[in-house]
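A short worksheet on the structure shown next.
Each value in this text was obtained by applying a stated rule to the coordinates, not by laboratory testing. Worth saying up front: this structure is predicted, and the values here are computed from it rather than measured. Cβ coordinates were reconstructed from backbone atoms using ideal geometry, including for glycine residues, and neighbour counts include every protein chain displayed.
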Amino acid sequence: MEMDENLAAVHAYLCADGYVCTSEKWKYYRIGLRNTNFVLLKDFQKKFKRVFGVKPIIRKDGRCEKSSKKIYQEITKKFGSFYSREWRMPEMDEEQLKIWLRAYFDCEGWVFCKTHQNRHIGADCVNEKGLDQVILALNNLGINTIKKSNKKRKIYRIYIYGKENLSKFKEEIGFLHPDKVKKIEEVAEDYKVYEWTFPENELLLATFIKELLKSKGKIKKDRGIIRLISKSEENLVRLQKELKRLFEVDCKVNKRINGIGTVYFELSINKQRQVKYLVDKNLLNNEEKQKWLIWKK
C-alpha cells in the first residue's frame with residue numbers, strides 16, 4: 001500500500017468524517033465515511049476501490065463502508081489511529097498533499113461570503129496537533145491562516161482570509177463538494193474590482209452620481225455622516241471631484257483596513273448642512289434617510 005493520490009484522499013476522508021474501528025467483543029472491523037453529500041461518498045468509494053481492490057457499499061444512512069479485518073490491520077499498521085483527537089497527516093509529495101487537503105476541507109471546511117465584508121474559508125477540529133499539520137501544509141503552499149481556540153469546548157478553528165489566500169486555495173486545492181464549489185466561485189466574483197464608468201454627458205453624470213449615492217451611500221448611525229465604500233481609490237477620488245463640482249459638496253477619501261487586514265477606501269461627507277442637503281434632495285435611499293432622521297432626534 002504505497003502512498004498515491006487515491007490513498008491521500010482516502011486518508012483525509014477517514015481523518016475528517018470517517019472511522020476505522022473494531023470490536024473484539026463483537027468481532028467486527030469497519031472502515032467507512034459518514035457524509036450527507038453523495039458526491040463525496042462516491043469519490044471515497046471510487047478511491048477506496050483503487051487502493052484496496054474492493055468496493056465499499058454506500059448505505060441509505062449516509063455512509064460508505066467496508067468491513068474487512070485485513071484492510072483494518074493494514075491501514076492502522078501504516079498510519080496508526082484515526083480517532084478524532086489522534087490522527088496525523090502522513091508524509092506526502094505536493095500533489096498528494098493538495099488532494100489530501102481537498103478531501104479534508106470537503107468534509108470539515110466551510111466557505112462564507114458576506115459581500116465586500118467577510119469572505120473566508122474555515123474549519124473546526126478537536127485535534128490540535130493534526131490541525132497544526134494542516135496549517136503548516138497550507139503555509140507551505142503559500143496560503144496563510146489564522147488559528148483560534150475555544151478552551152471551554154476544547155475545539156480549534158482555522159480561517160483563511162484575503163483575496164490572495166482564497167485564490168490560491170481555489171486554484172491549488174479547490175473543492176469537490178458541489179455547494180462549496182459554488183460558494184468559492186461566489187467569493188472569487190465578490191473580489192472582482194469593478195471600476196465605475198463616469199458618463200461624459202453632464203446630465204447623465206449627475207444622474208449617475210445620484211444613483212451611486214442612493215445605492216452605496218450609508219449613514220453612520222452614531223455620527224450622522226454619509227459613507228461610501230469601494231475597493232478602488234480611483235472610484236472615490238473621481239466621485240469626490242464631481243460631488244464638489246456639481247453639488248458643491250465637500251468630502252474626504254481615506255484608506256481603511258478592517259479587522260482581518262483587508263484594505264478598502266472610504267469617502268465620507270461629514271458636514272451636517274451638506275448631509276441635510278443630500279437628504280432633502282432625496283439623494284439617499286429611504287432606509288438611509290430614516291437613519292439620519294432618527295440620529296437627528
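In terms of the mean number of neighbouring beta-carbon atoms within 10 Å, the peptides 91-103, 47-59, 200-212 order highest first as 91-103, 47-59, 200-212. In a fully extended conformation the segment linking residue 110 and residue 242 would gain 43.3 nm over its present Cα-Cα distance, using 0.36 nm per residue. Compute the Cα gyration tensor for the stretch 33-113, then decide on rounded, prolate or oblate, letting a ≥ b ≥ c be the square roots of its eigenvalues: rounded whenever a/c is under 1.5, prolate when a/b is larger than b/c in the other cases, and oblate in all that remain. The shape class here is oblate. Converting phi to 3J(HN,Hα) with the Karplus coefficients 6.51, -1.76 and 1.60 and the offset θ = phi - 60°, the stretch 68-78 yields 6, 5, 4, 5, 4, 5, 5, 6, 6, 5, 7 Hz in sequence order, with x at every glycine or proline.
Karplus-derived 3J(HN,Hα) values for the stretch 233-239, using 6.51 cos²θ - 1.76 cosθ + 1.60 with θ = phi - 60°, are 5, 4, 3, 6, 5, 5, 5 Hz; glycine and proline are entered as x. Could you give the Stokes-Einstein D for the stretch 5-190 in µm² per second, using the C-alpha Kirkwood radius, 10 °C, 1.306 mPa s? For the chosen part, D equals 93 µm²/s. Backbone geometry of the stretch 242-250 corresponds, through the Karplus equation with coefficients 6.51, -1.76 and 1.60 at θ = phi - 60°, to 3J(HN,Hα) couplings of 6, 4, 5, 6, 8, 10, 6, 9, 8 Hz, x marking Gly and Pro.
Of the cross-linked pairs 70/98; 47/152; 147/291, those separated by over 30 Å at the C-alpha level are 47/152; 147/291.
From a point 7 Å beyond the Cα of residue 133 in the direction of its Cβ, which residues of the stretch 8-48 have a backbone N at a distance under 16 Å? Backbone N within reach: 8-20. Rounded to the nearest 10 degrees, the inclination of helix 38-52 to the longest alpha-carbon principal axis of the chain is 40 degrees. Rounded to the nearest 10 degrees, the inclination of helix 178-190 to the longest alpha-carbon principal axis of the chain is 30 degrees.
By the count of neighbouring beta-carbon atoms within 10 Å, fewest first, 169, 38, 79 end up ordered 38, 79, 169. Which pairs break 21 Å Cα to Cα here: 114/231; 214/241; 25/129; 114/154; 42/180; 129/154? Result: 25/129; 114/154 exceed 21 Å. Shape class of the stretch 202-296 from the Cα gyration tensor (axes a ≥ b ≥ c, square roots of the eigenvalues): oblate, since a/c reaches 1.5 or more and a/b does not exceed b/c. Between the amide H of residue 191 and any residue lying 5 or more places away or on another chain, no distance stays under 5 Å, with hydrogens modeled in the peptide plane.
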